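Asks: The structure that follows is given in the form of structure tokens.
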Amino acid sequence: MRIGALALTLLSCLAFGAPAGQVPTGMPTKLGVGLFEDTGKTGMRSSGVPYQLRYRYLTYGWSFNWGFGGAPRDGVFALNYFKDCANQGFMPAISYYEIYDVPPSGMGQLQKMQNVAAMAEYFNDFKLLMVQAKAFGKPVLIMLEPDATGFLQGSVADNANAPSAVASTGMPELAGLPNTAAGWGLAFLQIRKSVGASNVVLGMHVSGWAGGSDI
């Protein structure tokens, strides 16, 4: 999360108080600080700094280990990272950053969001992530598409009804949602709910540049 996004989030909390809803047991009660670190690394732990969060990006290919070792599409890479974090005393924080590389290539983000096949693969990968997070059973923070959400805001000119493939993907979990940009955002919540991954906290990146000159 960028410093600007973090500052806006803190200001929102100060202005409006605690968010509604139940915070999963085990979440930090204070501002958490952490670093990027890959699976198997131990630099954060050996530093002696009392970090709380350990994060990494999940880009397209994570669900089948980017093709290494003939891995099946089961999302186990994420579960192994969650466990690695917990074993070292950190809460895992994932930046879900997949949309840019989901096939077909050569499409802009909005075009891709309107492509039924692309979004079916995309949301099925997210469902895998929720399944593995639920199996992990401890709190997981997942930040949804940093950069992409900012670009989306600009490309649809804040039009929540801009077309997007959501219910049209054919996923039963998304059947009741509109095929719009707003529906695309709601899909993440709906998939988490359908899987029962109540230990997952989802967060949108707050872009400091998406609004242009509009603060």
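Asks: Name the residue, out of Pro139, Pro163, that is buried (at least 17 other Cβ atoms within 10 Å of the Cβ) and under 19 Å from Gln109 (Cβ atoms). Give the derivation first.
Replies: Details: Pro139 fails: under 19 Å from Gln109 (Cβ atoms).
One residue alone meets the criteria, Pro163.
Asks: Of the residues that make up segment 114-134, is at least one open to solvent by 50 Å² or more (accessible area, probe 1.4 Å), at pLDDT 95 or above and of a type in the set (D, E, K, R)?
Replies: yes
Asks: A further question on this structure: Looking at segment 41-50, can you tell me whether even one residue there is out of contact with any Pro (no Cβ under 6 Å at 6 or more places or on another chain) and on the phi > 0 side of the Ramachandran plot? So that I can check it myself, show each step before the final result.
Replies: Narrowing segment 41-50 to residues out of contact with any Pro (no Cβ under 6 Å at 6 or more places or on another chain): 41-50.
From the residues that got through so far, the ones that are on the phi > 0 side of the Ramachandran plot too are 48.
Within segment 41-50 (the criterion being out of contact with any Pro (no Cβ under 6 Å at 6 or more places or on another chain) and on the phi > 0 side of the Ramachandran plot), the answer is yes, since at least one residue qualifies.
Asks: What tally of residues in segment 30-59 results from selecting those that are in contact with a strand residue (DSSP E or B) (Cβ under 7 Å, 6 or more places away or on another chain) and exposed (fewer than 10 other Cβ atoms within 10 Å of the Cβ)?
Replies: Looking only at that region, the number is 0.
Asks: Scan segment 192-206 and tell me whether some residue there is of a type in the set (D, E, K, R) and either open to solvent by 50 Å² or more (accessible area, probe 1.4 Å) or not in a helix (DSSP H, G or I) (or both).
Replies: Of all residues in segment 192-206, those of a type in the set (D, E, K, R) come to 192-193.
Restricting the remaining residues to those that are either open to solvent by 50 Å² or more (accessible area, probe 1.4 Å) or not in a helix (DSSP H, G or I) (or both) gives 192-193.
Yes, some residue in segment 192-206 is of a type in the set (D, E, K, R) and either open to solvent by 50 Å² or more (accessible area, probe 1.4 Å) or not in a helix (DSSP H, G or I) (or both).
Asks: Let me ask another. Quick one: Leu189 ticks every box in (1) touching a residue at least 24 places away in the same chain (Cβ under 8 Å); (2) out of contact with any helix residue (DSSP H, G or I) (no Cβ under 9 Å at 6 or more places or on another chain); (3) open to solvent by 30 Å² or more (accessible area, probe 1.4 Å) except a single one, so which number is it?
Replies: If we test Leu189 against (1) touching a residue at least 24 places away in the same chain (Cβ under 8 Å); (2) out of contact with any helix residue (DSSP H, G or I) (no Cβ under 9 Å at 6 or more places or on another chain); (3) open to solvent by 30 Å² or more (accessible area, probe 1.4 Å), just (1) comes out false.
Asks: Look through segment 174-184, keep the residues that are crowded, with 20+ Cβ neighbours inside 10 Å and assigned to a helix (DSSP H, G or I), and return whichever of them is modelled with the highest pLDDT.
Replies: Leu174
Asks: If you don't mind, another one. For Ala157, indicate whether it is closer than 16 Å to Met113 by Cβ and surrounded by fewer than 18 Cβ atoms within 10 Å (Cβ to Cβ).
Replies: Details: closer than 16 Å to Met113 by Cβ: yes; surrounded by fewer than 18 Cβ atoms within 10 Å (Cβ to Cβ): yes.
The answer is yes for Ala157.
Asks: If you don't mind, another one. Which of the residues spanning segment 38-89 are part of a strand (DSSP E or B) and touching a residue at least 40 places away in the same chain (Cβ under 8 Å)? Steps first, answer last, please.
Replies: Taking segment 38-89 first, the residues part of a strand (DSSP E or B) are 53-58.
Answer for segment 38-89, where residues must be part of a strand (DSSP E or B) and touching a residue at least 40 places away in the same chain (Cβ under 8 Å): Leu53, Tyr55, Tyr57, Leu58.
Asks: Something else: Any chance you could count how many residues in segment 74-89 are of a type in the set (Phe, Trp, Tyr) and open to solvent by 20 Å² or more (accessible area, probe 1.4 Å)?
Replies: Restricting attention to segment 74-89, the residues satisfying the condition of being of a type in the set (Phe, Trp, Tyr) are 77, 81-82.
Restricting the remaining residues to those that are open to solvent by 20 Å² or more (accessible area, probe 1.4 Å) gives 77.
Selection size over segment 74-89: 1.
Asks: Looking at this structure, is Ser105 out of contact with any strand residue (DSSP E or B) (no Cβ under 9 Å at 6 or more places or on another chain), closer than 30 Å to Phe151 by Cα, hydroxyl-bearing (Ser, Thr, Tyr) and not in a helix (DSSP H, G or I)?
Replies: Values: out of contact with any strand residue (DSSP E or B) (no Cβ under 9 Å at 6 or more places or on another chain): yes; closer than 30 Å to Phe151 by Cα: yes; hydroxyl-bearing (Ser, Thr, Tyr): yes; not in a helix (DSSP H, G or I): yes.
So Ser105 passes the test.
Asks: Additional query: Do the conditions hold for Ala15, that is, is it modelled with pLDDT under 50, more than 19 Å from Phe82 (Cβ to Cβ) and open to solvent by 60 Å² or more (accessible area, probe 1.4 Å)?
Replies: So Ala15 passes the test.
Asks: Okay, moving on. Could you say whether any residue in segment 175-184 is free of Cβ contacts under 8 Å to residues at least 60 places away in the same chain and under 17 Å from the mean Cα position of the chain (by Cα)? Even if it seems obvious, please write down each step before you answer.
Replies: Taking segment 175-184 first, the residues free of Cβ contacts under 8 Å to residues at least 60 places away in the same chain are 175-180, 182-183.
In the following step, the residues that additionally are under 17 Å from the mean Cα position of the chain (by Cα) were identified as 182-183.
Yes - at least one qualifying residue is present in segment 175-184.
The values are calculated or read from the model by the stated rules, or taken from the named source; none is laboratory data. What you see is a predicted model; the values in this text were computed from it and never measured. For neighbour counting, all protein chains shown are included, and Cβ atoms are generated from backbone atoms with ideal geometry for every residue, glycine included. Heavy atoms of the whole protein, side chains included, go into the accessibility calculation; ligands, DNA and RNA do not. Shrake-Rupley method; radii C 1.70, N 1.55, O 1.52, S 1.80 Å.
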